[in-house]
Each structure stands twice: as C-alpha cells, then as structure tokens.
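Engineer: After the structure tokens below, expect a handful of questions from me.
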2 protein chains.
Amino acid sequence: MILVFTGNGKGKTTAALGQAIRALGQGKKVLIIQFIKGPWKSGEDIFARKLRTTDYKHKLQIIKTGKGFVKILGDKLPLKDHQKAAREGLKIAEQKIKSKKYDLIILDEINNTIDLKLVSAKDVLKILKPIRVNPRSNQRKSATSPDVILTGRNAPKSFIKIADLVTEMKEIKHPFQKNKKSARAGIDF
Amino acid sequence: MILVFTGNGKGKTTAALGQAIRALGQGKKVLIIQFIKGPWKSGEDIFARKLRTTDYKHKLQIIKTGKGFVKILGDKLPLKDHQKAAREGLKIAEQKIKSKKYDLIILDEINNTIDLKLVSAKDVLKILKPIRVNPRSNQRKSATSPDVILTGRNAPKSFIKIADLVTEMKEIKHPFQKNKKSARAGIDF
C-alpha cells in the first residue's frame, strides 16, 4: 500500500511516525528515511536510539539523508549539492525497497524534495514501481513488498494518482500564525 | 498548548501517537486516554506494553475508557451506558490534567464522543480550563500544565476556537472507498 500525507498543516511526519509505532507494535519492521531535515536531534531520533536496548533493537531504523533545510533558515549551500544529497537518499530508498527486509518504509519529506526540484517525481515513481498495484489485475506485484508512506507538502499529482490512501493535513489554525511562540521540543521536533 | 486533530481522513490518532513518541524522546511524560475504541489490541497498545521493560516504563501510559464503538459494528448497548462510560473517561481526564504529572495528555476520539452526544463540548471545555491561555494576558494560567491533544472527526467549533493549533485531516483518497481491502494490522490499528 502506498500512503501519502501532504498539505500545509501539522501532522504529516507525526502521523507517519504514529504508523511506524503501530507497525512496530504489530511485530513489523520499519525504516524511516528522512529527506531535508535540520541537523538537530529530534524526539524521534532520541527515542529510536533508546529502543536499541529493547526487543525493537532491529525493528526500527532511521536514516537521515539530505543536507538540511533548502533555501530557508540561512541555507547557503548550492542547489546542486542538495540535489546530489537527495539523489543519494533516493538511491538508499531504492535499495531498501528492493531488499524486502522491511514491512513499512517512510520517505519523510520526499514530497518537498520534488517541490524544491531536488529530484523529479518520475525518479521517485521509478523506485516505487515494485510495490505499485498492477492496474490491470488490481494485484500487488509482490506480496512481500513493503508499505510506503510519502510525506511532505505539495505532493505531486502523480503521487496522488498512484497512492492507495491520501490525506491532506490542512492547517486551520497554527500558533506561528500569531507569532506567539517558536518551535518547541517534543511538539515540533 | 491545545492541539486539535480533526477531519474525515486517516492520520488523526496516528499524528497524536507520533507527537507522543516525539515527546517521550524529549524526556517528557505522556498519557493517552482513549475514548470509543474497539476491544482489540492495537499496535500502540502492544508497543506501550513492551516499553514497560525500558527507560520509558513510567513515561507512557495508555488508559482505555468507553464501551467500544457506538451505534456501529453491531453495537447494541443503550446510549445511556455509553454516556456513563464517556463521563467516567472525562472524570479521569480531569484528574490527570489537574495532577500536573504529565507533559502531554492525548484525549483520543474525544471529538467523536461529543458528536455522538455522549458528553457535551461544555463538559470538555470545563476540564480544559486550567490549561487554556488567558485571553486577556495571553498567558497560560500555569506553566506546569500539560499540552493536550484532542482527536476525532467533527471537532466542535468551540474546540477550534480555544485551540492553539488545529489541523484538519482531509480524506483525498482511501482504499475503503474502492472496497479493496478491510482494516489491516499495523496500518489501521
């Protein structure tokens, strides 16, 4: 199954993270590949590290790719370098999908990498091919292929089209709108 | 901070669960109170039980309240009994909010309990009073009060009004639409 969490509201990455926890609870193996994340340690990173001392030791893996934020928050890296990093991230994703070692693979912020023109939607669709439903038979190409979640704003239409499930996280109200506070540990990262 | 995750799409409870993990990672203490859940063990229940053998032993607590699904999936319980169970759940929530022992409290599916007329929005607003921003001073009444997440479809307008952050999870595409599959372990529960 291919799931897309998109939209301008809070809850895309956290919903993917919640799916990861649910899957772990059901005995499944989960990989999170993060594209375009800042350099700081997020709550989920610290949590995942702690899990290494438990039964879940080999069940949850987080891989960070990319070179941090693109064109915002003081980023001055040439776009070329961001593109190279995103391509490398995609290469890892491709290998991991093919490996058939995971039940759930989350490509976090992958939608943004396309919006920012770091990789093309076509490149991503290519690596998703092994897990897409065959539109003629309505059957998975392989029963052992993982579920994949694609998160991030502005998901391309081609992702919506091939996805089994799409939710738009729509911002109705956000504290940043009111400039009341900035990002908070445990809430925003 | 009061967060509301509402809408008809997938990702409300999982986003709250993701927030819980993020908060746990940042060393915070989390309580999830589930209203109106089915009797089966969800992935998050199993996961939380496993956490009991770790550093997170006393950091994550899940309390199930309510009498299962209301008016669907074969439920024949009188509405009165559901209402009583929901009121009891709310009582627990009130005590836990007042206890100041938690950094994050999730009232899962609380919005639905109102939509189903099990409790009133007013009853919920009352227990949230200690943590609402004072509209005059724009200050919290107490710095030690927890963040609260309210999940579920059809959040009442009064919740949107008092919330600091609201996301609508909007269904764009869902496999149930196509009758292709039913609920799957690790994805839907």
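The values are calculated or read from the model by the stated rules, or taken from the named source; none is laboratory data. Computed from a predicted structure; not experimentally measured. So basically every Cβ, Gly included, is an ideal-geometry build from the backbone, and we count neighbours across all protein chains shown.
Engineer: Please specify each residue of the stretch B:76-99 satisfying the condition of being part of a loop (DSSP other than H, G, I, E, B) and surrounded by 13 or more Cβ atoms within 10 Å (Cβ to Cβ). Full working, then the answer.
Structural biologist: Here is the first cut: in the stretch B:76-99, the ones part of a loop (DSSP other than H, G, I, E, B) are B:76-78.
Correct list: B:Leu77 only.
Engineer: Would you confirm, using the coordinates I've provided, whether A:Gly66 is within 14 Å of chain B (Cβ to nearest Cβ), of a type in the set (Gly, Ala, Ser) and not in a helix (DSSP H, G or I)? Outline the logic, then answer.
Structural biologist: Working: within 14 Å of chain B (Cβ to nearest Cβ): no; of a type in the set (Gly, Ala, Ser): yes; not in a helix (DSSP H, G or I): yes.
Against the criterion (within 14 Å of chain B (Cβ to nearest Cβ), of a type in the set (Gly, Ala, Ser) and not in a helix (DSSP H, G or I)), A:Gly66 does not qualify.
Engineer: The conditions are (1) at pLDDT 95 or above; (2) in a helix (DSSP H, G or I), and B:Leu107 fails exactly one of them. Which is it?
Structural biologist: Failed condition: (2).
Engineer: Could you tell me which residue of the stretch A:18-47 is surrounded by the most Cβ atoms within 10 Å (Cβ to Cβ), considering only residues that are more than 7 Å from chain B (Cβ to nearest Cβ) and closer than 17 Å to B:Ile46 by Cα?
Structural biologist: Result: A:Ala20.
Engineer: Going by the conditions given, is B:Lys12 of a type outside the set (A, V, I, L, M), more than 7 Å from chain A (Cβ to nearest Cβ) and over 17 Å from A:Leu17 (Cα atoms)? Let's see the steps before the verdict.
Structural biologist: On the way: of a type outside the set (A, V, I, L, M): yes; more than 7 Å from chain A (Cβ to nearest Cβ): yes; over 17 Å from A:Leu17 (Cα atoms): no.
In short, no.
Engineer: Now for a separate question. Inside the stretch B:149-189, can you point out the residues that are modelled with pLDDT under 95 and assigned to a strand (DSSP E or B)?
Structural biologist: B:Lys173
Engineer: If you check every pair at least six apart or on different chains, which have Cβ atoms under 6 Å apart with a residue in the stretch A:157-186 that is within 25 Å of B:Asp188 (Cα to Cα) first and a residue that is at pLDDT below 90 and surrounded by 13 or more Cβ atoms within 10 Å (Cβ to Cβ) second?
Structural biologist: As it stands, the answer is A:Ile162/A:Arg132; A:Asp164/B:Pro175; A:Leu165/B:His174; A:Leu165/B:Pro175; A:Gly186/A:Gly43, since those pairs meet every condition given.
Engineer: If you don't mind, there's one more thing I want to ask. Looking at the stretch B:8-31, is at least one residue in contact (Cβ under 8 Å) with a residue 60 or more places away in the chain, among the β-branched types (Val, Ile, Thr) and not in a loop (DSSP other than H, G, I, E, B)?
Structural biologist: Yes - at least one qualifying residue is present in the stretch B:8-31.
Engineer: Could you list, ordered by first residue, the pairs with Cβ atoms under 9 Å in which the first is in the stretch A:55-66 and under 15 Å from B:Tyr56 (Cβ atoms) and the second is among the aromatic types (Phe, Trp, Tyr), at least 6 apart or interchain?
Structural biologist: A:Tyr56/B:Phe47; A:Leu60/A:Phe47
Engineer: A:Ala15 versus (1) touching a Gly at 6+ places or on another chain (Cβ under 8 Å); (2) at pLDDT 95 or above; (3) surrounded by fewer than 23 Cβ atoms within 10 Å (Cβ to Cβ); (4) not basic (Lys, Arg): which is the lone unmet condition?
Structural biologist: Answer for A:Ala15: the failing condition is (3).
Engineer: Also: Which residue out of B:Phe47, B:Phe5 is assigned to a strand (DSSP E or B), modelled with pLDDT of 85 or more and not small (Gly, Ala, Ser)?
Structural biologist: Going through B:Phe47, B:Phe5 in turn, just one is assigned to a strand (DSSP E or B), modelled with pLDDT of 85 or more and not small (Gly, Ala, Ser): B:Phe5.
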